[in-house]
There are 2 protein chains.
Amino acid sequence: MTDADAPILAPEQQLCFAVYAAGQAFSRLYRPLLQPLGLTYPQYLVMLILWEGQPVTVTGIGRRLGLDTGTLTPLLKRLEASDLVVRTRSAEDERRVVVTLTEKGRQLKAEAKAIPEAVACASGRDLPDVMRLRDEINALSKALDASRGCT
Amino acid sequence: MTDADAPILAPEQQLCFAVYAAGQAFSRLYRPLLQPLGLTYPQYLVMLILWEGQPVTVTGIGRRLGLDTGTLTPLLKRLEASDLVVRTRSAEDERRVVVTLTEKGRQLKAEAKAIPEAVACASGRDLPDVMRLRDEINALSKALDASRGCT
DNA sequence: CAAAATTATATTGCACACAATATAAAATGG
DNA sequence: CCATTTTATATTGTGTGCAATATAATTTTG
């Protein structure tokens with residue numbers, strides 16, 4: 001049997017595709033929940049960080065979400081255009097852009113309160129089970145990142 | 001305590017973010033593996049389907065990968081520009097676009113053979129464990145999709 | 001302290017990803 | 001058999017996502 005005829009692993013059988021498809025499923029689930037707030041899912045992740053505490057820098061957000069400035073700068077500009085955040089240069093270090101919530105951005109937190117519960121409910125699992133699966137997937141990510149560059 | 005002061009669930013604590021981050025980790029892992037083949041990860045998924053069997057229609061690919069034509073049409077055009085596939089209108093049903101491999105596309109299969117093993121190795125798990133996690137994540141996707149539109 | 005290296009962000013270009021719309025072909029129903 | 005509906009794909013517009021590059025501000029070093 002030549003390589004061109006060899007059986008190939010179908011995407012549906014692979015772990016990477018399962019993760020890919022689960023990401024799509026979460027995206028589909030969040031879209032209608034976030035639409036009333038005028039947020040996309042990545043924008044929601046940024047808002048979660050800001051609701052947790054301010055101010056934060058662009059780099060600080062990027063480190064937590066694993067996103068670089070090519071993604072974050074236009075995303076933050078859209079949030080600024082929606083009057084949810086303000087971007088200002090830091091006085092101490094002019095290289096830093098500090099992101100803070102506007103009053104409108106602060107108030108959006110109340111409207112977002114029901115979302116985590118709706119998502120948890122959609123998963124059809126109890127909290128300990130969700131946490132277990134989350135930790136296992138996080139361990140997977142860590143293993144994948146650790147092995148990059150190695151044999 | 002007002003809503004604006006209420007504690008918020010940090011992204012790092014949520015299952016959805018774990019899945020999101022794992023997708024990023026897989027993407028980072030695949031990029032250097034696929035770069036020698038001149039493929040992106042979504043293009044690799046399409047090629048896996050074609051290597052499994054031809055011809056396939058655009059809709060057939062989209063159904064398996066969960067992608068719509070707005071994503072697939074330009075992706076397939078890029079694969080065609082790279083001389084890996086050919087797109088032709090079906091004679092029986094002129095609405096269908098049939099995708100087939102070129103000789104170059106067929107031969108690329110041999111170069112891709114080592115990838116699944118490299119990825120499996122990077123996960124640091126044995127095959128049964130990979131399959132168990134895959135099935136669990138697939139069950140999660142199914143639960144998320146099933147609950148959309150309900151309650 | 002001045003030159004070199006580092007750090008923080010922005011910009012550009014390319015590639016998904018999806019909603020909404022358009023178009024044309026095929027199937028269906030009266 | 002013709003009007004309606006459905007199906008298959010394409011197009012457009014918006015929003016990520018990342019590599020590569022640019023720029024300006026800080027830090028480090030000789």
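Tell me which residues, restricted to segment A:61-120, are in a helix (DSSP H, G or I) and among the polar types (S, T, N, Q). Matches in segment A:61-120: A:69, A:71, A:73, A:107.
Rundown of residues vs (1) surrounded by fewer than 20 Cβ atoms within 10 Å (Cβ to Cβ); (2) more than 8 Å from chain B (Cβ to nearest Cβ), yes/no style:
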| position | (1), (2) |
| --- | --- |
| A:5 | yes, yes |
| A:8 | yes, no |
| A:12 | yes, no |
| A:15 | no, no |
| A:22 | no, no |
| A:28 | yes, no |
| A:33 | yes, yes |
| A:36 | yes, yes |
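Just a yes or no: is a residue in segment A:41-62 charged (D, E, K, R), surrounded by fewer than 19 Cβ atoms within 10 Å (Cβ to Cβ), facing another protein chain (nearest Cβ under 9 Å) and more than 9 Å from DNA strand D (Cβ to nearest atom)? Checked segment A:41-62: at least one residue is charged (D, E, K, R), surrounded by fewer than 19 Cβ atoms within 10 Å (Cβ to Cβ), facing another protein chain (nearest Cβ under 9 Å) and more than 9 Å from DNA strand D (Cβ to nearest atom).
May I ask you to say which residue of B:94, B:117 is farther than 14 Å from residue B:43 by Cβ, open to solvent by 90 Å² or more (accessible area, probe 1.4 Å), within 15 Å of DNA strand C (Cβ to nearest atom) and out of contact with any strand residue (DSSP E or B) (no Cβ under 8 Å at 6 or more places or on another chain)?
Details: B:117 fails: within 15 Å of DNA strand C (Cβ to nearest atom).
Exactly one of B:94, B:117 is farther than 14 Å from residue B:43 by Cβ, open to solvent by 90 Å² or more (accessible area, probe 1.4 Å), within 15 Å of DNA strand C (Cβ to nearest atom) and out of contact with any strand residue (DSSP E or B) (no Cβ under 8 Å at 6 or more places or on another chain), namely B:94.
Scanning segment A:76-86 for residues that are free of Cβ contacts under 8 Å to residues at least 24 places away in the same chain and surrounded by 13 or more Cβ atoms within 10 Å (Cβ to Cβ) yields A:80, A:86.
Restricted to segment B:27-40, and to residues there that are touching a Phe, Trp or Tyr at 6+ places or on another chain (Cβ under 8 Å) and in contact (Cβ under 8 Å) with a residue 24 or more places away in the chain, the residue that is farthest from DNA strand D (Cβ to nearest atom) is B:37. Scanning segment B:63-75 for residues that are within 9 Å of chain A (Cβ to nearest Cβ) and open to solvent by less than 20 Å² (accessible area, probe 1.4 Å) turns up just one, B:65. Residues in segment A:125-143 that are aliphatic (A, V, I, L, M) and within 18 Å of the chain's Cα centre (by Cα): A:130, A:131, A:133, A:137, A:139, A:140.
Give A:122, A:118 a once-over and let me know the one that is in contact (Cβ under 8 Å) with a residue 12 or more places away in the chain, of a type outside the set (Val, Ile, Thr) and either touching a Pro at 6+ places or on another chain (Cβ under 7 Å) or more than 8 Å from chain B (Cβ to nearest Cβ) (or both). None of the other options fit; the residue is A:118.
Restricting to segment B:55-71, give me the number of residues that are in contact (Cβ under 8 Å) with a residue 40 or more places away in the chain and over 18 Å from residue B:95 (Cα atoms). Let's see the steps before the verdict.
Taking segment B:55-71 first, the residues in contact (Cβ under 8 Å) with a residue 40 or more places away in the chain are B:55-58.
From what is left, the residues that are over 18 Å from residue B:95 (Cα atoms) are none.
Total meeting the criteria: 0.
Can you name the residue in segment A:97-114 that is in contact (Cβ under 8 Å) with a residue 24 or more places away in the chain and among the β-branched types (Val, Ile, Thr) and, of all such residues, is surrounded by the most Cβ atoms within 10 Å (Cβ to Cβ)? So the residue we want is A:99. Here the condition is being within 16 Å of DNA strand C (Cβ to nearest atom) and closer than 28 Å to residue B:22 by Cβ; of B:127, B:65, B:133, it holds for B:65 alone.
Here is a yes/no grid of residues against (1) in contact with a helix residue (DSSP H, G or I) (Cβ under 6 Å, 6 or more places away or on another chain); (2) of a type in the set (Gly, Ala, Ser); (3) modelled with pLDDT under 95:
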{"position": "A:4", "(1), (2), (3)": "yes, yes, yes"}
{"position": "A:15", "(1), (2), (3)": "yes, no, no"}
{"position": "A:22", "(1), (2), (3)": "yes, yes, no"}
{"position": "A:44", "(1), (2), (3)": "yes, no, no"}
{"position": "A:62", "(1), (2), (3)": "yes, yes, no"}
{"position": "A:109", "(1), (2), (3)": "yes, no, no"}
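The values are calculated or read from the model by the stated rules, or taken from the named source; none is laboratory data. The structure displayed is predicted, hence computed values, not measured ones. Note: ideal-geometry Cβ built from the backbone for every residue, glycine included; neighbour counts use all protein chains shown. Just so you know, the surface numbers come from the protein's heavy atoms only, side chains and all, with ligands and any DNA or RNA stripped out. Shrake-Rupley method; radii C 1.70, N 1.55, O 1.52, S 1.80 Å.
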